[in-house]
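Since the structure comes first, as C-alpha cells, the remarks are kept for the end.
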Amino acid sequence: MIEIKEVTKKFQDKKTSVTALKHISFSVKKGQTIGLLGENGAGKTTLLRSIATLISPTEGTITVAGFDTEKQPSEIKRKIGVLFGGETGLYDRLTARENLVYFASLYGLSKHETKVRIDDLSKMFGMRDYLDRKVGGFSKGMRQKVAIARTLIHNPDIILFDEPTTGLDITSSNVFRQLVHQLKREGKTIIFSSHIMEEVSLLCDSVAMIHKGELVHYGTLEDLYRSEGTKDLNYIFMSKLVRGDRHYAS
C-alpha cells in the first residue's frame, strides 16, 4: 500500500543545509496501523508530508497505492486523509458544517453523501451543539474534532495523522481511539505520530522509530516486545535512542 525506498530529505537555505531524513526505507501493507515515534525534530512530520505529496524527497521514492508521489500526486490526494498537528486547515469565518461541506465538495461528494458523512462524524465526535457556529470562536479541542472530521469526510483508504489527539480532552481522546479501531475494522491503512506511548501500544500493529532523521526500528509491536523482554514502550523507545540501534525488523 505504501512503499518508502531510500528516502532522504534535505532543507537548504543560503547558509546551511539540514538533513531531515536519511535513507528511510520501509513498507506499509493495506489495513496496517503504524505508530510513528520520535522526538521533536526527528523527522516524523517531514516523512508524513512526503507521503502526502506536500514536499518532495531529495533522494529516493515513495509510492502510495501504486502511485508515485512525484509523478502522480493528484491520484494519491484522492485516496488519503491528512491531519498535521495544529494545522487544522479550517476557515474561521465559516461554521463547522460549512467547512465540512466545502471540503466534501473538493472531493466530489454529492449533497446526500455529504449530509450523511457530516451527520455520522458530528455524532461520533459530539459536535452537534456547535456544528452551526463559526470556527473562529472554537476552543482548541473543538477545532481539532472538526479537523479530524475534515480529514475523514471523503472516507479515504489511507489516513495520516500527526499528533491527532493534541488539544483533546480525555473523553474526546477516547472517542478518537474508538474511531481508529473502527477504521481498522474497515480495512483502512493508518500512519500516525504520537508522543503518547499508551495510545500507540493500544492502537498500532507496528511501529517505526525515527531518531535524528534515521530509522532506528521498524517492526511489529509483538516482535519488539519479545526482543526487548518488556512491554514498556516508553522504556524501549528511550533505550533504543540511547543505544542508537539500527535494527530493522520485517
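Only the coordinates and a few stated rules stand behind these numbers; no lab work does. None of these values were measured; they are calculated from a predicted model. Every residue, glycine among them, receives a Cβ derived from its backbone with ideal geometry; neighbour counts consider all protein chains shown.
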Kirkwood radius from Cα pairs of the chain plugged into Stokes-Einstein at 37 °C, 0.692 mPa s, gives D in µm²/s equal to 174
Taking the Cα-to-Cβ direction at THR220 and at LYS15 and moving 7 Å from each Cα, how far apart do the two end points lie in nm? 5.0
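Expressed in nm², what is the orientationally averaged projection area of the convex hull enclosing the Cα positions of the stretch 1-57? The partial results should precede the final answer.
Working: hull surface 17.4 nm².
Result: 4.3 nm².
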With +1 on each Lys and Arg Cβ and -1 on each Asp and Glu Cβ, how big is the dipole of the stretch 101-250 about its Cα centre, in debye rounded to the nearest 20? 500
In terms of the charge dipole of the chain, which places +1 on Lys and Arg and -1 on Asp and Glu at the beta carbon, the residue among LEU224, LEU100, PHE237 farthest towards the positive end is LEU100
For MET238, MET209, which order do you get if you count the other beta carbons within 10 Å of each Cβ and list the fewest first? MET238, MET209
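Go through 93-106, 10-23 and give me the packing order, highest mean Cβ count within 10 Å leading.
93-106, 10-23
Can you tell me what percent of all Cα-Cα pairs in the stretch 1-121 are more than 19 Å apart?
For the stretch 1-121, the fraction of Cα-Cα distances above 19 Å is 58 percent.
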Could you tally the net charge around GLN72, taking each other residue with its Cβ under 14 Å from the Cβ of GLN72, Lys/Arg +1 and Asp/Glu -1? 0
With a point put 7 Å past each Cα toward its Cβ, work out how far GLN182 is from GLU228 in nm, to one decimal. 3.1
Counting only residues 5 or more places away or on other chains, whose amide H sits under 5 Å from the amide H of VAL216 once H atoms are built in the peptide plane? MET209, ILE210, HIS211
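With the contact rule set at Cα under 8 Å and sequence spacing of 6 or more, what percent relative contact order holds for the chain? Write down the numbers at each step before the final one.
Values: 447 pairs, mean separation 62.6, N = 250.
Relative contact order comes out at 25 percent.
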So between SER25 and SER201, what do we pick up on full extension, going 0.36 nm a residue minus the alpha carbon distance? 61.1 nm
Spin-label zone in the stretch 78-115 - amide nitrogen under 11 Å from a point set 7 Å from the Cα of LYS140 along the C-beta vector: 86
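Let's see if you can work this out: charge +1 on each Lys and Arg Cβ, -1 on each Asp and Glu Cβ, no other charges. What is the dipole magnitude of the chain about its Cα centre, in debye to the nearest 20?
Values: 37 positive and 30 negative charges, 107 e Å.
In debye, rounded to 20, the chain gives about 520.
I'd like the FRET efficiency for SER110 and ASP169, computed as 1/(1 + (r/R0)^6) with the beta carbon distance as r and R0 of 35 Å, rounded to 0.05.
0.55
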Rounded to the nearest Å, what's the spacing between the alpha carbon centres of the stretch 204-229 and the stretch 28-95? Just the number, please. 20
